[in-house]
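Report on the following structure.
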Amino acid sequence: MKAAVSKEDGTFNVEDVPEPPDPGPYQVKVKIAYCGICGSELHRFDPDYTSRPPQFRPPPGGFKGPRIGGHEASGTVAAIGNEVKGIEVGQRVGMNFRSPCGTCYYCRNKLEHFCERVISASGAYAEYAMYHANAIYQLPDNISLEVGALLEPVTVAVHTVDLANIHPGCMVAILGAGPIGILIQEVAIKAGAARVLVSEPVATRRELAKKLGATVVVDPVNGDLVEASKKLTDGRGFDTVIDASGKIAVARQSLDLAGPGATVVWAAMYPVGDEVGVAASEMYAKELTIRGVFISPYSFPRSVKLLSELELEPLISIRPIEEINEAFHDLLAGKGMKVLIKP
Ligand SMILES: [Zn+2]
Ligand SMILES: [Zn+2]
């Protein structure tokens, strides 16, 4: 089968690799329709980000066989193994890329995303990929496979909003309007946010944020973010501030924009070891809550329902797998939003 295999220098080779075998017990083989490029992958070979949580590190001695990435996928069930219930060949599905074991300490303590025995899917920049049955979600009939490929990033937005203490009528700032920032914006509005400020340096992304319901969009480079924030919040600061940019300076700025009692969510990957200065007295004076977002536990069933409630088509562009290197290149330059690779 055709697959995009990672090379040491961070680029891909599109080559012919062995297809996953027939599925074993509890396994489901999926013919991949689309696989979105995730912002986290843009950092894949950046040494600043490579000290990853253990479950995302290569196994000792490196990967066995071709290293195929891609984890935001949709497709059609091609084959099912023994013991798989409720999933049939031919169903259109969206997938999680990891399956918690259900029995470890974390799985039994409402923290499945820190599962000690997580089962990872094979990479989805390929014609076929293999999943554990509990990573598979049937798509509603009115959801296209294109939109279905946004299921996993939508779960990240849902989990972020779960942590963000958003309630009806509240004021929210979102710093960074890449795909995750935009999805967070849409879910935050669904959750009741009444005034939403979006800060984003790329003009096309600001326009999209505005079109999808942001109250105010600001260019943080040439505009005045602090002034716009004061104006929108009557000088009080936001109830919730979410950094979706992954920049340390912006994570710091998120604290300044937060009002008394606010929740700040750092919903991005950051360079390992970089620190954000927070005065303890600032925490005291504002009673801030700061949350991090790793991935998205317990968010998939709700996100499947949201696929038809969010405006997702405007984010999507599609490129054939042969153009995967150009697609990464363009995304690093801020071109495109959610780019789906078609194997
Ligand atoms: Zn991702
Ligand atoms: Zn577990």
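The values are calculated or read from the model by the stated rules, or taken from the named source; none is laboratory data. Computed from a prediction, not measured in an experiment: that's the story for all the values here. Note: ideal-geometry Cβ built from the backbone for every residue, glycine included; neighbour counts use all protein chains shown. The protein model used for the area step is the full one, side chains on, heavy atoms only, and it has no ligands, DNA or RNA in it. Shrake-Rupley method; radii C 1.70, N 1.55, O 1.52, S 1.80 Å.
Accessible surface computed residue by residue for the chain, with neighbouring protein chains in place and a 1.4 Å probe, gives 46 Å² per residue.
Suppose R0 equals 30 Å. What FRET efficiency, 1/(1 + (r/R0)^6) with r the Cβ-Cβ distance, do Asp274 and Cys101 give to the nearest 0.05? With R0 = 30 Å, the Cβ-Cβ based efficiency is 0.40. Computed over the chain, the Cα gyration tensor eigenvalues convert (square root of 5λ each) into semi-axes of 35, 21, 20 Å, ordered from largest to smallest.
Magnitude of the charge dipole for segment 54-201, about its Cα centre and with charges confined to Cβ atoms of Lys, Arg (+1) and Asp, Glu (-1), is about 440 debye. Anisotropy class assigned to segment 175-241 is oblate, per the alpha carbon gyration tensor with a/c at or over the 1.5 cut-off and a/b no larger than b/c.
Using the Karplus relation 6.51 cos²θ - 1.76 cosθ + 1.60 with θ = phi - 60°, the per-residue 3J(HN,Hα) values for segment 95-107 come to 10, 7, 9, 8, 10, x, 6, x, 10, 7, 3, 6, 4 Hz, with x marking Gly and Pro. How many percent of all Cα-Cα pairs in segment 123-217 sit more than 23 Å apart? Result: 35 percent of Cα pairs exceed 23 Å. With all protein chains in place and a 1.4 Å probe, the accessible surface of the chain carries 52 percent carbon and sulfur. What the phi angles of segment 269-282 give under the Karplus curve with 6.51, -1.76 and 1.60, with θ = phi - 60°, is a coupling list of 8, 10, x, 4, x, 5, 10, 10, x, 10, 6, 4, 5, 5 Hz, glycine and proline written as x. Once you divide the Cα radius of gyration of segment 261-343 by 2.2 N^0.38 Å, the number left is 1.57. For Asn142 and Tyr298, what does the FRET efficiency come to when R0 = 22 Å and r is the distance between their Cβ atoms, rounded to the nearest 0.05? The calculated FRET efficiency here is 0.35. The overall shape of segment 201-326, judged from the alpha-carbon gyration tensor, is prolate: a/c is not under 1.5, and a/b is greater than b/c. Below 21 Å, Cα to Cα, which lysines can Lys110 reach? Residues fewer than 8 away in the same chain don't count. Result set, ordered by chain and number: empty. Separation of the alpha carbons by more than 29 angstrom is noted, of Lys31/Lys211; Lys31/Lys247; Lys7/Lys85; Lys29/Lys211; Lys29/Lys247; Lys85/Lys305, for Lys31/Lys211; Lys31/Lys247; Lys7/Lys85; Lys29/Lys211; Lys29/Lys247.
A straight line joining the Cα centroids of segment 72-101 and segment 130-156 runs 9 Å. For segment 213-278, relative contact order (Cα pairs under 8 Å, six or more residues apart, normalised by length) works out to 29 percent.
Please work out the Cα center distance from segment 267-343 to segment 184-241, rounded to the nearest Å. Between the Cα centre of segment 267-343 and that of segment 184-241, the gap is 16 Å. Charge tally around Ala267: other residues with Cβ under 12 Å, Lys/Arg +1 each, Asp/Glu -1 each, net -1.
Per-peptide packing, taken as the mean over residues of other Cβ atoms within 10 Å, places 125-136, 207-218, 227-238, 259-270 in the sequence 125-136, 259-270, 207-218, 227-238 from highest down. Have a look at the DSSP beta bridges in the chain and tell me what percent are antiparallel, nearest 5. Counting DSSP beta bridges with both partners in the chain, the antiparallel share is about 55 percent.
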